[in-house]
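Below is one structure, written out as structure tokens; the observations come after it.
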Amino acid sequence: MKATEIREEYLRFFAERGHERVPSAPVVPQDDPTLYFTNAGMNQFKDVFLGLGKRPYTRAVDTQKCIRVSGKHNDLEEVGISPRHHTFFEMLGNWSFGDYFKREAITWAWELVTKQWGLDENRLWATVFEGNEAEGLEPDLEAAELWKECTGIPSERIVALPASENFWEMGAVGPCGPCSEIHYYHGDLSAQSAEGLRHGEEAYEEFWNLVFIQYNRDETGKLLPLPARHVDTGMGFERICSILQNVPSNYDTDIFLPLIHRLAEITGTSYQDGRVIPMRVIADHVRALSVSIADGAIPANDGRGYVLRRILRRAARYGRQLGQKEPFIHRLVQGVGETLGDVFPELLQQRHHIELVIRSEEEAFGRTLDRGLEIFERFAQKGEITGAEAFQLYDTYGFPLDLTQLIARERALPLTDPEAFDQALGQQRERARKATRGQFRAAETAGDALDEPHSVFLGYTATRCTARVVHVESGADGQVRVWLDQTPFYAESGGQIGDHGVIKGDGFVVQVTETVKGRGGITHVGRMQAGEAQQVSGTVTVQVEESERQAAARSHTATHLLHESLRRTLGEHVAQMGSLVSPDRLRFDFSHFTALTAEQLEQVESLVNERIRANMSVQAEEATLTEARASGARALFGEKYNDRVRMVRVDDFSLELCGGTHVRSTGEIGLFSLTYEGSIAAGTRRIEAVTGRAAENRMREQRVLLDQIAALMHAQPDELVGKVRGLLDRNRDLERQLARLERQMMASTSGELSDSARTVHGVKVVANRVEVDDVGTLRTAADALRERLGSGVGVLGSVVGGKVSFIAIVTDDVIRERGLKAGDLVREVAAIAGGSGGGKPHLAQAGGRDPGKIDAALDAVQDIVARQLQD
């Protein structure tokens, strides 16, 4: 049975039992800061479990893209070694939202695996939760009885296990509950036993987890009952495929073998012996990289981007074991699309972008990998790798800690003092930490949703309304947070910042400085402008700052025009990776690998302004997500959409899924002006622009600036290019003349310096302080001294810009006959002034931190030379 058939049969089985077939959520979540990656099928329904959101259905079925490489769920070290663990995997899931519970979940699970798929009942085991007295949780006797009643499975194959195995939690906080797992026994039937399953013997393979979600664990660790009981099941797609295809590991299924065969073809090797683990790891890792990059993630130095970088570099290092020193991982991306593209079409649509991102990362790491391995070998000579050395490999050569640990394990080397790595990394992160804008975010946990209906959004058609206060909170920081039954205020989302404005009532005024999502609705965050927080109640008048709203709408519609203009100028591979929409500017991040030329930027700006002048109509309409995608509406990577979505159409030019506010016609934008284009990550560019009044102001500022420069140059604006070019040519001529004069002066000075030489063990030594304006002149003086000296050693020092600089020279005969090297000499001299340095045997440079010790350092030169000559 092919993998595609297994997946489709699962989805069809539950669809026939009243489950809505829903698309996979992005593997890169944008709405949950606690998650780097979607690690379970239930992530997209977390709001439903917490009572903060609803769906138009109570049963659902899907296949979810999942990645587990960080946090509580981290399978990275098992990949390739274990036949069943992966970084990326598909999770087949069926759901009940306050509808059916344990009986139906168990009955249908048994029916599918035994009747539909024909698995041998005698090889199936069920586990249930044994309870947890410390948390006051009873054993799940109900599930145990239902397994016997609904399936006929004998009691001896129903095993109670502790919370570590049978109480499922998404993470440190969030929905959770007891679970019941189905295991398949691969060994001799006469040898199976409950003890073998309890001890986790390899022959027992868990492939389906039925989670009965009843609780939410809050940030204090306390378990709180949820408003309703739900079912969340997760079946490992790769695992069930290996069972049904009767192969020894997931890597031997038709999911992985095409990738492994392609890898063997690329590397000229075969899938056997010592190449099995490297091939498995690479095949697994390229899948994780492909799906995450397709959903908008980019390798970076922090957050989920660093996790991706770790995965890619781990794969690249395994590639060395297959003889690959040139980029090769990107060549597997097409194979990933061929095996997964039918269910996740973004892998086909974004193939070119994924390949470019991976290749760029491979090339960058390849430049340091070999050097890093050399340094590792040097560290390894003493029989261990220290935490400080591991950090040096990480900081200088890009080796993630787990990569260093992997290589150390292969060499049977201990990693000592790992705390030193953590300490150095913590110090680095502290230095690099950026100040973030403090802003209110409502804690989204069970019970936080307000009971009373609220937050009906009127902002698409109104900026002012009368409303009723539903709930108020005030903090010690003086902030007040208000929830209304209805509001025209737009809450920050989709890149558009939240509205500002006022809420006025009987005896009070709240100045709203921020509007965000919280407590299941729209939270107005602000401060009391009049009255006290306790007075905020009753009927109020709500007014959005209209000029800011309109300016934000201009920016937002312009962003849509920009997106389509970039696609038409650069190609179909362009996709939105992020955005910021504010009243004063817009920012747009998109997939592209090279800087835009001046001609391309001009074309993009012209296309946008042409559409503005055309005064195209801008209309919004609602549709199901399936209908919207079928109509060609573009979606933001990583954004989670509801089942009914809002589409914004700009005439026949642009169609995007968008919940933001927009102008009624493009003519209202007025003017569009690009202000910046640059790279923010491999394969991702950023454009910034202004619209309307801000664009007018920018043009006015540029005109004033141009007039000022023209006045300084005594020229008309159209003559400036020629005038500036002539000025630059003249400046270069003067610089050449100055350099020639400096060389002449240094030649003269070098004679005086040479005459001051002292003889140390038969070698002439010069050590002097010179006054120069820059290090380049100091180097010129050193070159002149070396030439004038003929045979000998020289060290010149100077304070340039408040910093100490030394340059040492050694003539060829002294290097050859006496073994003296400039690099060794200058390093010792600089150390006296609190610095370091090095260089070639004949010329070396160093710096120092203490200008007050430059003379002492130069006075020590003769002694240092004498000692080095004797050594």
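The values are calculated or read from the model by the stated rules, or taken from the named source; none is laboratory data. The shown structure was predicted, so the numbers you read here are calculated from the model rather than taken from an experiment. For neighbour counting, all protein chains shown are included, and Cβ atoms are generated from backbone atoms with ideal geometry for every residue, glycine included. With ligands, DNA and RNA removed, areas are computed over all heavy atoms of the protein, side chains included. Shrake-Rupley method; radii C 1.70, N 1.55, O 1.52, S 1.80 Å.
Close amide H partners of LEU137, meaning residues 5 or more places away or on another chain with modelled amide H under 5 Å apart, are ASN132.
Counting only aspartates and glutamates at least 8 places from LYS803 when in the same chain, those with an alpha carbon closer than 16 Å to its own are GLU771, ASP773, ASP774, ASP850, ASP855.
First compute the accessible area of the range 36-104 with a 1.4 Å probe, then give the percent of it belonging to carbon and sulfur atoms. Before the final figure, lay out each step's value.
Details: 990 of 2110 Å².
Heavy-atom surface of the range 36-104 belonging to carbon and sulfur, 1.4 Å probe: 47 percent.
Estimated purely from DSSP H runs of n ≥ 4, each contributing -39500 (n - 2.57), the mean residue ellipticity at 222 nm for the chain is -12000 deg cm²/dmol once divided by its residues.
Roughly speaking, to the nearest percent, how much of the range 708-761's 1.4 Å accessible area is carbon and sulfur?
On the way: 2260 of 4190 Å².
Using a 1.4 Å probe with all protein chains present, the range 708-761 comes out at 54 percent carbon and sulfur.
Pairwise inverse Cα distances across the range 1-152, averaged and inverted, put the Kirkwood hydrodynamic radius at 17.7 Å. Among ILE497, VAL542, GLN486, whose Cα projects farthest towards the positive end of the dipole of the range 486-548, with charges put on the beta-carbon of Lys, Arg (+1) and Asp, Glu (-1)? The listed residue farthest towards the positive side: GLN486. Annotation: per residue accessible area for the chain equals 45 Å², rounded to a whole number [probe 1.4 Å, protein chains only]. Shape class for the chain, computed from the alpha carbon gyration tensor (a ≥ b ≥ c): oblate, with a/c not under 1.5 and a/b at or below b/c.
Under 1.5 on a/c is rounded, so check that first for the range 509-548, then, if it is not, pick prolate when a/b is larger than b/c and oblate when it is not; a ≥ b ≥ c are the square roots of the alpha carbon gyration tensor eigenvalues.
Details: a/c = 1.67, a/b = 1.16, b/c = 1.44.
The shape class here is oblate.
If R0 is taken as 25 Å, the Cβ-Cβ distance between HIS186 and LYS115 corresponds to a FRET efficiency of 0.75.
Counting only alpha carbon atoms, the long axis of helix 418-432 and the longest principal axis of the chain meet at about 80°.
With θ taken as phi - 60° and the Karplus curve 6.51 cos²θ - 1.76 cosθ + 1.60 applied, the whole-hertz 3J(HN,Hα) list for the range 459-466 is x, 6, 10, 9, 10, 8, 7, 9 Hz, x standing for glycine and proline.
To the nearest ten degrees, helix 775-789 and the longest principal axis of the Cα atoms of the chain are 40 degrees apart. Summarising the label geometry, the points placed 7 Å from Cα in the beta-carbon direction at HIS261 and THR4 lie 1.4 nm from one another.
Proximity of backbone amide H atoms, modeled 1.01 Å from N, is registered between GLY834 and ARG849 at under 5 Å, excluding neighbours fewer than 5 places apart on the same chain.
Less than 5 angstrom separates the built amide H of GLN529 from those of VAL509, VAL510, GLN511, all sequence-distant by 5 or more or on a different chain.
Taking only the Cα atoms of the range 786-871, the radius of gyration and Dmax are 12.1, 38 Å. Between 0 and 90 degrees, the angle of helix 546-570 with respect to the longest Cα principal axis of the chain falls at about 80 degrees.
The lysines within cross-link reach of LYS222, meaning a Cα-to-Cα straight distance under 19 Å and a gap of 8 or more places when in the same chain, are LYS46, LYS72.
For the chain, the Cβ-based charge dipole about the Cα centre amounts to some 2460 debye (Lys, Arg positive; Asp, Glu negative; other atoms uncharged). Each residue of the range 482-499 was assigned a 3J(HN,Hα) from its phi angle through the Karplus expression (A = 6.51, B = -1.76, C = 1.60, θ = phi - 60°), giving 10, 10, 10, 5, 8, 7, x, 6, 8, 8, 3, 5, x, x, 8, 6, x, 6 Hz with x at Gly and Pro.
For the range 183-292, rounded, prolate or oblate, judged on the Cα gyration tensor with a ≥ b ≥ c (square roots of eigenvalues), a/c < 1.5 rounded, else prolate if a/b > b/c? Cα axes put the range 183-292 in the oblate bin.
Would you work out which of THR63, HIS471, VAL800 lies farthest towards the positive end of the dipole of the chain? Charges go on Cβ: Lys and Arg +1, Asp and Glu -1. In the chain, that residue is VAL800. Each peptide in 658-666, 534-542 gets a packing score, the mean of other Cβ atoms within 10 Å over its residues, and the list from highest to lowest is 658-666, 534-542. With all protein chains in place and a 1.4 Å probe, the accessible surface of the range 474-623 carries 42 percent carbon and sulfur.
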